[in-house]
Structure formats: structure tokens, C-alpha cells
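Notes to accompany the following structure.
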Amino acid sequence: MMGIYTSFAANLLFPLHEKLKKHSTLTVKRDLERSQWLKPEEILALQLARLREFLTQCALHVPYYHDLFRSLDFDPKNIRAISDLGRLPLLTKDIIRSEFDRLRSRLPEPVRLFSTTGSTGDPLRFNISKTRVSHDVAAKWRATRWWDVDIGDREMVIWSSPIELTRQDRLKQLRDRLLRSKLLPSSAMSQADMDRFIADIRSFRPTMLFGYPSSMTLIAQRAEQQGIRLSDLGIKVAFCTAERLYPQQADVLQRVFGCPVANGYGGRDSGFIAHACPQGGMHITAEDIIVEVVDEHGQSSPPGVPGEVVVTHLYSTGFPFVRYRNGDVAVLEEGQCACGRGLPLLKEVHGRTNDVLLAADGSIVLAIAIAMVLRDMPGVNGFKVIQETLLHCRLQLVTDTSFRQQASESTIRAAFRARLGEGVQLDIEYLDAIAAEPSGKYRYVVSKVSQHQAGRVGATSN
């Protein structure tokens, strides 16, 4: 049952906040809460109608797409199926950089400059309109309510993006206090930092957690090691985003915080792509976003087969994202969730293309195949795999006294050979701690090879 203050914040305070910012978030959220219960074929028809309208506007008002459609003899009004999008080339980060000015709409809608955090070393700058912001915020709001929590419930945000951390001005601090949202800046994760975070969580007693799964897991493990209980605070859900959520992380978070874990998927560039519901379905925000999964040749992968994520944001007015390669690997799922929503589903999200290893023969090896070997090995407290070439990997390990080096190294090397190829050289390095990325995220797999291969996909698809 919604508390009095939560009701005030969700039904009056936040809608007023969005209205003052000239966002249509409340109206969009109401529409989304109705449309989620449509039948799959009705949602598909809604998508198709919006796609025609959106691409028609792109042809009329966006110089890049005006010229592209003309060169391909592509008329958006003649689109008959979502698959017709396949006639258009993929949009890459390099294209966005080189065609930035020509990708902006001539319509007078205000836009703001945003950027990704550049965890892969290549931050991307782009514009976002108020229309798109409204849809992304509304989609997140809808998904939050699936878990019986709402805006105004106590929220602890465990985050370290420099973009947010440099905007902690007085107005934002006041807004967060009014909405009962508190930020833990997790860019530093020393034992002293984590002890302070644990004390803050116990003092604040949040209804929900939101943040990087890696950071939340480190805090949870520290609390468990110190014998500090966090499962008695009444936390209803831990929302994980911005990184791949590994099964072992979900296990730790559920055990320590005493709540379910909800995986969310999206990004500044791609929008709010998908979110898990309590019945386990990873629902795509299909009213706003078309998600394709493509192979190394840019062709659609069938459900159940991993491929690169390609996103068309149907409300990215002002600066359109049409068939945008966001650099992630995912798997589509057939069927419908037991919750009854008609939204299409993602089966799995495997993370960045350079979070995926390549075997010596060029085949994809999902990071979980390596992670499962290491996570269950006694004495391993942290790890990171860096694939330098197809035939050379480095493994960084953080271990304790229970780690049996000779036997464990033999098991690890055998696992790498079995998955990546007999000729693969593995260098094992022992560290006191795994360093976070500049963004504050902890990446367990970095493949310099698959990142290069992903670039080749973009080149061959355009």
C-alpha cells in the first residue's frame, strides 16, 4: 500500500516537477500503463504505425536521413512490416561523430547535449529532445511500479557516473530530498568507503536500491564479512542497471539485502530498452523502441541466438537513433511472459561486445562460461579477464589464503583452453584488488579482439 508521502510525491510533486521542465512524462506513463496489457499483435501494430510516422518526420526534417532515404529510394510511408527496417544501414558511433550536425532535426524542439561515460574508451556525444526524455523517464517509472514501489519511496542510488556526480547542485539536492532519493557516490570503494555506505544504508532504511550490480555486490559482501545484517531494513527490491548482472551477484544481493533483484537494461544513447518484471520476463519497451539482434553480417538473429543489439528509438525526435549499434550483445526470447503483458521479451543481455570473448576460431564465447569456473573456486575473491589477442589472455585474480594456487591454476588453464582453444596463452596475475573503470564500473571481461571485430561488423553493414 502506498504511503501518504509517497502518494504526495508520485501524484503531485514529481508530476509538477516534470511539468515545470516541460516534459510530458505523466501522460506518457499513463499511456504506457494501458498499452502494456495489449495483445502482442496490437503492440506490433502500434509500433508499425509509429515507425512510419517517425521515419517520415526524419525524411522531412533531418538532413542525414533525407539524403540517405533518397539514395536508397526508401519511402517510409510504404513500410509494411518492421522487417522493412533491414533496408536501412546500421547507425554507428563513427557516423554520429562525423554527421553530428546533419543528424539534428531542423524542427525547433529544444535539445540538450548528452554523452556516454565512455567505459570502452570512446565517449559519444549526441542530442536528446524533451520528447525522448519524457518517454525514457515514463518507461522507467512504469517498470518501477511493477515492483510495488514508486517515486517518493526511499531510494538509495549507488552510482559513480561523473555526469551525475558533477550535477549535484543545490536544486538537484533539494529535489532528491523531496523525492527521498539519496546518492552514494561509489567511485571509491575502499573498505572504509564501504563501511560508511553500509552505515548510510542502515540509517536511511531505503525501500529500494538502484545502481551498478558490481558496486552493490561489493557492499553486500563487505556487510556479510563484517556480520552486519541488512535484510531487516524492509528493502523491497534492488534495481540493477548499467552493467551485466551476473547470477552470482543476484544471489549475493538477494541473500544480504533480503529482497528480489530486478534487472534493467538501457543507456543514455539507446534509451530505456527493457526491464524485468516480478514474474521474470525481461520486457522490451516496445511502444518506444524497436530492438533488433543481428549477427556479424548485420543480418537478424533468430530468438535464442546471441547477436549485437540494434535499437531504433521511435521518440528520438530532435536527434534520431535509427538502427543504432549500441555495442551490446543480447538474445531475444519467443513467447509471452506469465504476467500477461503483451510486450516482447529479451531472454538474456550479455553486455558490451567487448565483454564477450572470441575463441581462436573466431566463435563467440560468453563471459559467463569463464565466470562460472572462477566464481565457484575456493579462495577467489575477484577476477578480470583481458583478451589481448585471439591467442593471448591475461587473468587478474584477487585471492585469499584458501586459494590452492597449483591445483587451481591447472583447473583455470584447462577451462580457458577448453573454451578458447588449445593454443591460447594465459598469463595469471595476482592483485590486491581489481581496479574500477574511470566510470566507476567493474568490468569482469574486456576483449580487445571482440571490440575490433565489432567495428568490422559496422563497416560491412554500412
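Pop out the ³J(HN,Hα) list for the stretch 235-245 in order, Karplus 6.51 cos²θ - 1.76 cosθ + 1.60 with θ = phi - 60°, rounded to Hz; leave Gly and Pro as x.
5, 8, 6, 10, 8, 10, 7, 6, 9, 5, 8
Could you list, bin by bin from short to long, the percent of Cα-Cα pairs of the stretch 226-372 in 5 Å steps?
2, 9, 17, 20, 19, 15, 10, 6, 3, 1, 0
Provide the per residue accessible area, probe 1.4 Å, for the chain, rounded to a whole number of square angstrom.
I get 45 Å² per residue for the chain.
Do any trypsin sites (Lys or Arg not before Pro) in the stretch 19-91 lie in a DSSP loop with no more than 14 other beta carbon atoms within 10 Å, and if so, which?
When the trypsin sites (Lys or Arg not before Pro) of the stretch 19-91 are filtered for loop state and at most 14 Cβ neighbours within 10 Å, Lys21, Lys22, Arg80 remain.
So how do 246-256, 313-323, 140-150 stack up, highest first, on mean other-Cβ count within 10 Å? The partial results should precede the final answer.
Numbers: 246-256: 17.8, 313-323: 23.9, 140-150: 20.0.
Answer by packing, highest mean first, reads 313-323, 140-150, 246-256.
For Gly307, which sequence-distant residues (separation of 5 or more, or a different chain) have an amide H within less than 5 Å of its own amide H, given hydrogens modelled in the peptide plane?
Excluding prolines and chain starts, which carry no amide H, the hits are Ala330.
For the stretch 72-103 and the stretch 386-410, what is the centre-to-centre distance using only Cα atoms, to the nearest Å?
Spelled out, the Cα-based centre of one part sits 44 Å from the other.
Starting from the amide H of Val365, placed 1.01 Å from N in the peptide plane, find each other amide H under 5 Å away whose residue is 5 or more places distant or on another chain.
Distant-sequence amide H within range of Val365: Leu357, Leu358, Ala359.
Give me the one-decimal nm value for the distance between modelled label points at Asp101 and Thr389, 7 Å along each residue's Cα-to-Cβ direction.
Each label point lies 7 Å from its Cα, and together they span 4.3 nm.
Is the stretch 376-440 rounded, prolate or oblate when judged by the Cα gyration tensor, a ≥ b ≥ c being the square roots of its eigenvalues, rounded requiring a/c under 1.5 and prolate requiring a/b larger than b/c?
Oblate shape, in that a/c is at least 1.5 and b/c is the bigger or equal ratio.
Rounded to whole Å, give me the distance from the Cα center of the stretch 126-154 to that of the stretch 5-51.
8
Mean residue ellipticity at 222 nm from the helices of the chain, using -39,500 (n - 2.57) per DSSP H segment of n ≥ 4 over the full residue count, to the nearest 500 deg cm²/dmol?
Counting only the DSSP helices, I get -11000 deg cm²/dmol.
Which percent of the accessible heavy-atom area of the chain goes to carbon and sulfur, probe 1.4 angstrom? Please list the in-between numbers first.
On the way: 10900 of 20810 Å².
Carbon and sulfur together cover 52 percent of it.
The values are calculated or read from the model by the stated rules, or taken from the named source; none is laboratory data. Values in this document were obtained by computation on a predicted structure and should not be read as measured data. We place every Cβ from the backbone using ideal geometry, glycine too, and count neighbours over all the protein chains shown. With ligands, DNA and RNA removed, areas are computed over all heavy atoms of the protein, side chains included. Shrake-Rupley method; radii C 1.70, N 1.55, O 1.52, S 1.80 Å.
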